[in-house]
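Working notes, beginning with the structure itself.
The values are calculated or read from the model by the stated rules, or taken from the named source; none is laboratory data. Small disclaimer: the values here were computed from a predicted structure and weren't measured. Here the Cβ is made from the backbone with ideal geometry for all residues, glycine too, and neighbour counts use every protein chain on show. Keep in mind that these areas ignore ligands, DNA and RNA; they rest on the heavy atoms of the full protein, side chains included. Shrake-Rupley method; radii C 1.70, N 1.55, O 1.52, S 1.80 Å.
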Amino acid sequence: MASGTVRLFCLTSLLPVVASVTLLPPMSARAQVSAQPAGTVPVPVPVQLPPLPAIPAAPSLPAPADPNNSPPLVLESTLLSLEGGQRLMDEAGKAVTAQDYDGAAKKLLDARQVFNQLSNFYQELGGSFSGIDNRIADSLRRKALDTAQMRDQATYQLALVHRAQNKPELAVPLLVQIIRSQQPTRELGKKAYQQLFELGFVDAPYPRPAGESKPAGESKPAGESKPADQSGSNQPRKPDK
């Protein structure tokens, strides 16, 4: 009983000491508070932060190109270009040499479509500039005719491939399209008609054999002296839409 009373007395006597220790502020805080005059608000101590990383300068944008001095865009690597169509023609020639007629026909069909699209685009652009800038209109018109010529060349080669495949039903429509575009008086038109003659689709040769006279009263074929719609230039008609 006496030992329990002693322990209780010791714990009771220690409680005020523990409470006073707990309520005392830290020494540094007390020193800061005591250093300030009475009645003033404590000033926060500034905190040293690490410096911010430097922000890189924005890259300078290139100056706008002068439309009068800027070089033309290079389209040789694209399919929709003269170079792209010519590459298809070259690949078709290699396929014919290897007797891969199916592969050659596919390449020639693609080349024909490329040249036809280019010709139509140039023709539409030329029409847009007609009466506004004749220099540009004439340049685009020449490009339309040049690409139409290349289209007809690809069409003729495709017809020959179909002949080699023994598919005259595919060759004849192509040859007729060539004659309609080129006219029979031009070299490619004559070749196309000769193919039709060899296939038996027509029975009259053209041009007439040497020494054969024309029937009396027969007039000169239209367009023989001057190609239609081309102002006398040896170029194909306007491309098909």
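Listing for the model above:
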read-out: Count of the stretch 138-160 residues which are open to solvent by 40 Å² or more (accessible area, probe 1.4 Å), farther than 14 Å from Ser81 by Cα, among the charged types (D, E, K, R) and in contact with a helix residue (DSSP H, G or I) (Cβ under 6 Å, 6 or more places away or on another chain); value: 1
read-out: Meets criteria (within 26 Å of Gln182 (Cβ to Cβ), more than 17 Å from the chain's Cα centre (by Cα), open to solvent by 50 Å² or more (accessible area, probe 1.4 Å) and of a type in the set (Asp, Glu)) for Glu83; value: no
read-out: Hits in the stretch 166-183 - residues which are of a type outside the set (S, T, N, Q), out of contact with any Gly (no Cβ under 8 Å at 6 or more places or on another chain) and closer than 22 Å to Thr147 by Cβ; value: Pro173, Leu174, Leu175, Val176, Arg180
read-out: Test: Arg112 is open to solvent by 70 Å² or more (accessible area, probe 1.4 Å) and either closer than 22 Å to Gly189 by Cβ or not hydroxyl-bearing (Ser, Thr, Tyr) (or both); value: no
read-out: Search result, residues across the stretch 146-194 that are under 18 Å from Tyr101 (Cβ atoms), part of a helix (DSSP H, G or I) and basic (Lys, Arg); value: Arg163
